[in-house]
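Since the structure comes first, as structure tokens, the remarks are kept for the end.
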Amino acid sequence: MKESYFPQEIEKKWQRVWEETKAFKTLDESDKPKYYALSMFPYPSGKLHMGHVRNYTITDVIARFKKANGFNVLHPIGWDSFGLPAENAAMKHNADPETWTDENIAYMTKQLKMLGLSYDWDREVTTCKPDYYKWTQWLFLQLYKKGLVYKKEAAVNWCDECGTVLANEQVIDGKCWRCDSVVEKKYLSQWFIKITDYADVLLEDLDKLTGWGDNVKTMQANWIGKSKGAIFKFPVVDAPNGEEMYVPVYTTRPDTVFGITYLVVAPEYKDIEKLTTSENKEAVEEYRANARKMTEIERLSTDRVKTGVPLGTHCRNPFNGEVFPLWTADYALVEYGTGAVMAVPTHDERDFDFAKKYNMPMKVVIENPENPSDCKDSAYTEPGVLVNSGEFNGMKNNEAKKAITKWAVDKGFGEFKTQYRLRDWLISRQRYWGAPIPVVYCDKCGIQPVPEDQLPVMLPKDVDFSVAGKSPITTSKTFKDTVCPICGGHATRETDTMDTFMCSSWYYLRYADARNSEKCFDRDTVNHWLPVDQYVGGIEHAILHLLYSRFFTKALRDCGLLDFDEPFKNLLTQGMVLKDGAKMSKSKGNTVDPDEIFENYGADTARLFILSDSPPARDFDWSDAGVEGCYKFLNRVWRLISTNADNITLDYKLNFPLAKENDDLIRTVHIAIKGITNDISNDFQFNTVISKYRELTNAIYDWQSKKSDLNEEDKNVLSFAIVSLMKLMSPVAVHLTEEAWSELGGIGSIHEQPWCEWDENLAKSSSITLVVQVNGKVKDKIEVDAGLNQDEMKQTALDSPKIKSQIEGKMVVKTIVVPGKLVNIVVK
RNA sequence: GCUCCAGUGGCGGAAUCGGUAGACGCGUUGGACUUAAAAUCCAAUUGGGCGUAUAACCCAGUGCCAGUUCAAGUCUGGCCUGGAGCACCA
């Protein structure tokens with residue numbers, strides 16, 4: 001065995017062996033229990049960054065640990081390969097996005113292999129390939145059949161200069177990223193997924209996800225945004241065309257209805273024109289036109305000043321008969337509730353601000369009896385008792401909510417209403433590099449889904465990527481014209497493609513049955529492998545990706561395609577990789593290239609370091625000195641093994657009793673096995689796992705420094721210690737341990753070896769440090785035999801000269817003994 | 001504004017149940033080996049009393065203020081600071 005550690009040499013060698021022997025292939029059939037470990041698949045942007053390295057290393061160690069512990073592990077990888085960057089690169093070079101994507105995948109695959117990850121490459125999925133997006137389209141059709149897909153007019157970011165729709169990321173400070181002109185809202189007919197049908201169950205089932213962090217669950221709960229309130233209809237008293245009209249509003253504060261002094265509708269409110277008098281028409285139109293342009297800019301400004309204009313018409317308050325004016329203001333949102341709000345300036349801060357600015361009347365209707373507020377300087381939003389509220393006076397406001405709504409329900413102008421902030425999912429993208437939406441428009445039959453046997457609807461190749469102002473897909477001469485599946489007449493294809501989140505909402509299902517060409521996936525196979533036991537990825541996907549995937553799972557269950565309702569049992573959201581306290585980014589110039597680390601130190605050092613300094617969920621600050629330190633440690637381990645190669649036997653035997661120092665080393669190993677196993681099992685605390693690798697290594701060196709010659713017993717004990725260390729390190733230092741195993745004459749791969757076991761009796765030291773406190777403060781520490789009983793512990797403590805001097809002349813009130821740990825003497 | 005998370009040496013961080021605060025590492029300092037360097041090894045490293053050495057001892061200390069307890073980094077209440085997410089959601 002070579003005395004020095006040459007990572008580059010051994011890593012290349014074993015990577016080749018693993019690839020040739022398909023060492024990490026997973027078979028569906030096994031008598032072992034299944035375990036599904038999954039990293040969020042990457043977008044093939046060009047090169048791996050350190051965030052990838054961290055993500056995949058964490059999952060890889062989990063997968064290897066579970067495999068060693070007797071599980072049949074599924075650990076796949078793939079590519080989230082549709083999306084904007086490929087299309088932009090293509091437009092820039094007038095090339096094919098597919099070529100760009102393929103090249104990136106090839107490069108990144110090479111890097112993943114260099115990291116020594118235990119993927120089953122036979123299950124690789126690539127979302128931009130027809131054998132995958134065929135099934136994305138097929139799933140779209142299943143949702144369509146289920147009534148979960150619909151088309152409606154929706155606002156998009158529109159750049160008039162470029163004549164195109166922009167993605168949200170392309171709108172910078174309300175302006176077009178390319179030409180810098182102001183982006184407007186424009187209404188286009190778009191495809192939506194009815195995720196709101198699942199709002200309630202998506203919220204409720206968060207409680208089932210005990211393996212998810214509260215931070216992610218709260219973010220999802222906030223996003224879904226459930227609130228309980230009421231809808232009231234307010235009759236319009238002076239509609240300009242004489243029509244009988246109502247304005248419905250949604251409110252969570254029915255208790256404040258007697259304080260309404262005006263009513264606001266959103267600038268986009270559908271009946272706004274009918275509610276505007278001819279005198280006010282011009283001002284209202286101007287305000288609405290402005291709102292259309294301002295929306296994006298306004299959204300980004302932090303201190304928005306509220307503005308609005310009166311419509312000139314009025315409503316009557318059916319609770320008290322008062323008549324109040326109608327306004328439009330952009331603080332009312334057309335997408336939420338009914339698009340109209342009742343304004344109670346005294347008890348709502350936003351209404352208060354608005355009322356102050358436009359001198360609206362105010363009327364206090366909720367009061368704290370102990371400390372009444374006149375609401376002259378701010379709105380009173382705390383609980384209280386109703387005043388100026390007719391028959392409801394004196395009622396507590398929380399009770400009044402129900403009572404007042406009930407009253408309105410009985411009179412026929414109100415209803416109880418649960419409202420969600422979650423909106424339906426807009427999946428139309430006016431771009432090329434995505435899965436085409438499998439729908440055609442027939443001149444006679446209207447919208448028709450593409451029959452399943454005609455899938456996939458292939459992306460056309462005859463496309464001009466140099467065009468500006470429209471989706472490149474529309475330049476194809478072969479794509480658009482087709483025949484109607486119903487009547488056989490002329491039809492045109494939908495040229496929108498799907499949001500890439502559609503592709504990534506089901507990829508974890510495809511891994512279970514990745515090469516199935518007959519079906520999206522086999523139901524039994526998916527039921528066997530899913531749910532994912534451990535999902536690992538960045539917090540940036542806490543809301544959209546995870547919510548869409550949860551929705552997909554529930555919807556596909558309702559389509560009868562699978563039999564579980566949550567896709568990811570446990571979720572680990574890893575922290576960011578920082579350098580010098582800031583997020584690594586090209587613009588800051590503080591990135592670290594994984595290739596350089598592999599080249600200079602090897603993948604094992606990279607793996608060890610990325611796990612070492614912080615727990616996985618926390619941010620990780622990259623330091624060059626830290627890498628260096630890990631490299632030195634691996635050298636130290638290698639030296640320990642290589643210089644002892646002749647002393648190590650893999651079939652060591654331990655005959656008890658042992659010499660004292662040998663017994664101590666055996667105990668140290670058992671303690672390490674127990675600690676490391678528990679640390680991994682308990683939230684994957686790899687940072688402490690690695691500190692325990694170091695402790696064990698230090699202990700073996702210490703032991704050895706006290707030995708001049710090794711007798712047979714020593715050699716067996718040393719073998720046990722070193723082989724255990726190798727096995728414990730094998731999920732992290734995958735190449736080093738494999739090489740050492742092979743050099744020491746191990747049969748097969750160390751990665752096929754079962755995990756180390758510990759003996760509870762040996763996993764504790766033979767002596768303990770007895771801590772003696774007086775009045776809760778540590779006054780002495782005494783090395784004692786671990787077997788001492790409580791009385792003996794107490795006596796030992798009282799016999800200590802230090803303690804004697806401390807308690808001299810005082811009265812012992814109480815003595816507390818914590819077995820195996822401490823004695824606390826309470827004196828007065 | 002609302003919600004969530006976090007706050008421990010010079011730094012990253014450790015501390016199953018409330019029971020030795022600072023494991024392990026980085027850095028720093030001193031030393032050994034070496035012609036020298038690298039590598040390696042040894043030692044010290046929370047602050048203060050404390051100063052020339054040695055040995056010991058004492059006090060304070062986990063963002064701040066209270067509380068519960070024999071005992072609090074850990075539990076409770078109230079704040080402060082930083083980060084993240086949502087953000088005119090009626």
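The values are calculated or read from the model by the stated rules, or taken from the named source; none is laboratory data. These numbers come from a predicted model, not from an experiment. A quick note on method: Cβ atoms are made from the backbone with ideal geometry, for glycine too, and the neighbour counts reach across all protein chains shown. For the accessible areas, the whole protein counts, side chains as well, though only heavy atoms, and no ligand, DNA or RNA atoms are used. Shrake-Rupley method; radii C 1.70, N 1.55, O 1.52, S 1.80 Å.
Coupling constants for the range A:751-768 follow from the phi torsions by the Karplus curve (6.51 cos²θ - 1.76 cosθ + 1.60, θ = phi - 60°), and in residue order they are 6, 9, 7, x, 5, 5, 10, 10, 9, 3, 5, 8, 7, 8, 6, 6, 10, 10 Hz; glycine and proline get x.
Legend: helices of chain A (whole DSSP H runs) are marked when their alpha-carbon atoms reach 20 angstrom or more along the helix axis and their mean Kyte-Doolittle hydropathy is at least -0.5; marked are A:50-68, A:544-558, A:624-643, A:660-681, A:712-729. Scanning residues 5 or more positions from A:V774 or on other chains, those with amide H under 5 Å from its amide H are A:K779, A:I825, with H placed 1.01 Å from N in the peptide plane. Between A:N368 and A:E808, full extension at 0.36 nm per residue minus the direct alpha carbon distance yields a gain of 152.3 nm.
I'd like the per residue volume of the convex hull spanned by the Cα atoms of the range A:493-616, given in cubic angstrom. It would help to have the intermediate numbers written out before the result.
Details: hull volume 24.1 nm³, N = 124.
Looking at the range A:493-616, the number lands at 195 Å³ per residue.
Relative to the Cα centre, the charge distribution of the range A:526-657, modelled as +1 at Lys and Arg Cβ and -1 at Asp and Glu Cβ, gives a dipole magnitude of about 220 debye.
Can you give the extra length, in nm with one decimal, that the chain gains between A:S585 and A:D31 once fully stretched, where that is 0.36 nm per residue apart less the Cα-Cα distance? Please report the intermediate quantities before stating the final value.
On the way: separation 554, 0.36 × 554 = 199.44 nm, distance 4.61 nm.
Result for the pair: 194.8 nm of gain on full extension.
Shown is the FRET efficiency for A:K715 and A:R618, computed with R0 = 56 Å from the Cβ-Cβ distance and rounded to the nearest 0.05: 0.85. For chain A, the 222 nm mean residue ellipticity estimated from helices alone, with every DSSP H stretch of n ≥ 4 adding -39500 (n - 2.57) and the total spread over all residues, rounds to -11500 deg cm²/dmol.
Can you grab the distance from the C-alpha centre of the range A:301-367 to the C-alpha centre of the range A:103-129, Å, no decimals? So the two Cα centres are separated by 57 Å. Put a dot 7 Å past the Cα of A:E382, heading toward its Cβ, do the same for A:D524, and the two dots end up 6.6 nm apart. Applying the Karplus relation 6.51 cos²θ - 1.76 cosθ + 1.60 with θ = phi - 60° to the range A:443-455 yields 3J(HN,Hα) values of 4, 9, 8, x, 6, 9, x, 6, x, 4, 6, 9, 7 Hz, where x marks Gly and Pro.
Sorting A:S4, A:S749 by accessible area (1.4 Å probe), largest first, what list results?
Details: A:S4 65, A:S749 25 Å².
Largest to smallest exposure gives the sequence A:S4, A:S749.
Computed over the range A:33-156, the P(r) tail beyond 24 angstrom holds 44 percent of alpha carbon pairs.
Grab the beta carbon distance between A:A283 and A:N359, set R0 = 25 Å, and tell me the FRET efficiency rounded to 0.05. Given R0 = 25 Å and the Cβ-Cβ separation, E is 0.90. When the alpha carbon coordinates of the range A:703-777 are projected onto the principal axes, the ranges are 58, 32, 21 Å, largest first.
Amide hydrogen proximity for A:K579: with H placed 1.01 Å from N in the peptide plane, the residues at 5 or more positions away or on another chain lying under 5 Å are A:M584, A:W622. Sparse packing (at most 16 other Cβ atoms within 10 Å of the Cβ) combined with a DSSP loop state is found for the following GluC sites (Glu not before Pro) in the range A:684-778: A:E757, A:E760.
The trypsin sites (Lys or Arg not before Pro) of the range A:223-290 that meet both conditions, a loop assignment by DSSP and at most 13 other Cβ atoms within 10 Å of the site Cβ, are A:K270.
By its C-alpha gyration tensor, with a ≥ b ≥ c as the square roots of the eigenvalues, how is chain A shaped: rounded for a/c under 1.5, else prolate for a/b larger than b/c, else oblate? All intermediate terms of the calculation are to be shown ahead of the outcome.
Values: a/c = 2.66, a/b = 1.47, b/c = 1.81.
It is oblate, given that a/c is not under 1.5 and a/b is not larger than b/c.
Classified by the C-alpha gyration tensor, the range A:3-66 has an oblate form. Its axis ratio a/c, with a ≥ b ≥ c, is 1.5 or above, and a/b does not exceed b/c. Surface composition of chain A: carbon plus sulfur atoms contribute 49% of the solvent-accessible area (1.4 Å probe, protein chains only, all chains present).
Estimated from the Cβ-Cβ distance and a Förster radius of 35 angstrom, the FRET efficiency linking A:R557 and A:Y246 is about 0.30.
Taking amide hydrogens as placed 1.01 Å from N in the peptide plane, the amide H of A:K417 sits under 5 Å from those of A:G229, A:A230, A:I231, each at least 5 positions away in sequence or on another chain. Looking at chain A, the accessible area is 45 square angstrom per residue; that uses a 1.4 Å probe and ignores ligands, DNA and RNA. Evaluating 6.51 cos²θ - 1.76 cosθ + 1.60 at θ = phi - 60° for every residue in the range A:320-325, the Karplus couplings come out as 9, x, 5, 10, 9, x Hz, glycine and proline recorded as x. Taking 7 Å steps out from each Cα toward its Cβ at A:S767 and A:E743 produces label points 3.6 nm apart. Shown here for the range A:441-540: GluC sites (Glu not before Pro) in loop regions (DSSP other than H, G, I, E, B) with at most 15 other Cβ atoms within 10 Å, namely A:E518.
Using 0.36 nm per residue and subtracting the Cα-Cα separation, the extra length available between A:D651 and A:V201 on full extension is 156.4 nm.
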